[in-house]
1. Got a sec? Which of 139, 166, 186 is over 16 Å from residue 101 (Cα atoms), part of a helix (DSSP H, G or I) and touching a residue at least 24 places away in the same chain (Cβ under 8 Å)?
2. How many of the residues making up region 281-313 are part of a strand (DSSP E or B) and free of Cβ contacts under 8 Å to residues at least 24 places away in the same chain?
3. Among (1) without any contact (Cβ under 8 Å) to a residue 24 or more places away in the chain; (2) closer than 15 Å to residue 192 by Cα; (3) touching a helix residue (DSSP H, G or I) at 6+ places or on another chain (Cβ under 7 Å), there is one condition residue 161 misses while meeting the rest; what is its number?
4. Does residue 143 fit the bill of being surrounded by 13 or more Cβ atoms within 10 Å (Cβ to Cβ), closer than 29 Å to residue 201 by Cα and in contact with a helix residue (DSSP H, G or I) (Cβ under 7 Å, 6 or more places away or on another chain)?
5. Please find, among 207, 175, the residue that is at pLDDT 95 or above, surrounded by fewer than 16 Cβ atoms within 10 Å (Cβ to Cβ) and in a loop (DSSP other than H, G, I, E, B).
6. Kindly evaluate residue 246 against the criterion of being surrounded by fewer than 16 Cβ atoms within 10 Å (Cβ to Cβ) and touching a strand residue (DSSP E or B) at 6+ places or on another chain (Cβ under 7 Å).
7. What is the residue count in region 49-64 for residues that are modelled with pLDDT of 90 or more and surrounded by fewer than 20 Cβ atoms within 10 Å (Cβ to Cβ)?
8. Just to be sure I understand, how many residues within region 116-126 are farther than 14 Å from residue 102 by Cα and touching a strand residue (DSSP E or B) at 6+ places or on another chain (Cβ under 7 Å)?
C-alpha cells in the first residue's frame, strides 16, 4: 500500500497507544519538499520512503533483480517487490545477520552459527524453500567419527572444524560466485563450495571476533576483526579444495574493525572502525594507505560501494555519501531520518535514471525496525564548503554537517498486516 505525501501518517495521534517515538512505522514530512518534476530533473540525494513491518530490528539486506530481502531479529526474512511485501520465509532459529545471493541459491547467516540455504519454488515465485543448512547433518555425522576432525576452541571444549560455534557475522561470495565465505565471532572464517554446499576449509583468522569478510580482486580475501586488524588472505586451489594463506596485515589499531567493502572496478578496499573512521587502501598502490574518511561521530556499522560512490552507515543514525575521484573522496551529503543505528546497507542501479546520469537506489536497514529507500546520484552537488565538507584525506579532521531537510517527495510505504509466516 502506497500512501501519498499529503496523506495523514498512521500512528500520528499523540493519544494513541502506540506513540510515534515507539512505533516502527515511519513518516517523514519535509515542509520544503521540492516538486516531483524538479527531483527527477535535478541530480540530488533524496529520501523516497520507508519499508516497515512491526517485527524486529533490521540486521541484513540484499538485492536481487527486482527483489529486496530483509533479515531481522524476528528470525523472518521478508521479500519486497516494487516497494510492497511480496513474500517471506522463517528460519525458526537465530536472528538473520547476513544475506547473500548466488543465482538460485539464497544464503542467510544466523546468530546460532549456521548458514541456511534457500531456493525459490519453480511453481510459485513467492514461495521460498529451505534446501540445506551449512554444515549439513550428513557432513556433521560423517566428520564426527574421526577424532582428528575436532579442534579445541575453549578450555575443555572441542568442536568439529567445519562448524561455527558462535554467531555468523558476515557472508561474502567470490567473483564468480562459486565459493561462499562465512565469518564468525568464533575468530574463524570458513569456505564453502556453492555447487554442493561442502565445507572446504576453516581458517583461524584473528585473535578476536571476525566482524566482516570480503572476497576481493586478484583472488584475495579481506577480513576485519574486533582485534583491530584487517588481514589479507591469498587463495589457491588445491585439487578439489582450497587453501588460504596469510598475506599481510593492512591495518592494526586499538579500535575494532567493524565493516569492510570493496570497489571492484577501482580495486579499493574500505575499512570502517568503531571510532567512526573509514580507512581505504588501493590496489594500484600495492594496498598502501590511501586516506581516511571522517564523517561520523560514532562507530561505522556498514559499508557499501556503487560506481564512484561509497556509503557508510553508523551508530550515529546517519549515512554519509562519498564520491570518489581518483584517490580523493568528496562528501556529497549526510542522509538522516533513522531513529536508530544504521546496521546494514544495500544498493542497486536506478532503472529510472535519466540518460547520462549515474543514479542508484540505496536501502538502509536500522535498529529502529525500518528500511529506508534513498535515490542517490553521482552528479549530485556536494555539501557546501561553508558547511566544512571537504576532501577527506589523511590530514583532514573536519566532519560534515547534517544535510537538513533534503529535497524530497517522501512517500510512506505501509506493509499490510499479514498472518505470521509459516
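The values are calculated or read from the model by the stated rules, or taken from the named source; none is laboratory data. Fair warning: this is a prediction, and the values are worked out from it, not measured in the lab. Heads up, the Cβs are rebuilt from the backbone with ideal geometry, glycines too, and the neighbour counts pull from every protein chain shown.
1. Values: 166 fails: part of a helix (DSSP H, G or I); 186 fails: part of a helix (DSSP H, G or I).
Just a single option satisfies the conditions, and that option is 139.
2. We begin by selecting, within region 281-313, every residue part of a strand (DSSP E or B); these are 281-282, 288-294, 300-306, 309-313.
Okay, now just the ones that are also free of Cβ contacts under 8 Å to residues at least 24 places away in the same chain, so 288.
Count: 1.
3. It is condition (1) that residue 161 fails.
4. Yes; evaluated as a whole, the condition is true for this residue.
5. Values: 175 fails: at pLDDT 95 or above.
The unique qualifying residue is 207.
6. On the way: surrounded by fewer than 16 Cβ atoms within 10 Å (Cβ to Cβ): yes; touching a strand residue (DSSP E or B) at 6+ places or on another chain (Cβ under 7 Å): yes.
In short, yes.
7. Summing the residues that are modelled with pLDDT of 90 or more and surrounded by fewer than 20 Cβ atoms within 10 Å (Cβ to Cβ) in region 49-64 gives 3.
8. Looking only at region 116-126, we keep the residues that are farther than 14 Å from residue 102 by Cα, and these are 121-126.
Remaining after also requiring touching a strand residue (DSSP E or B) at 6+ places or on another chain (Cβ under 7 Å): 121, 126.
Result for region 116-126: 2.
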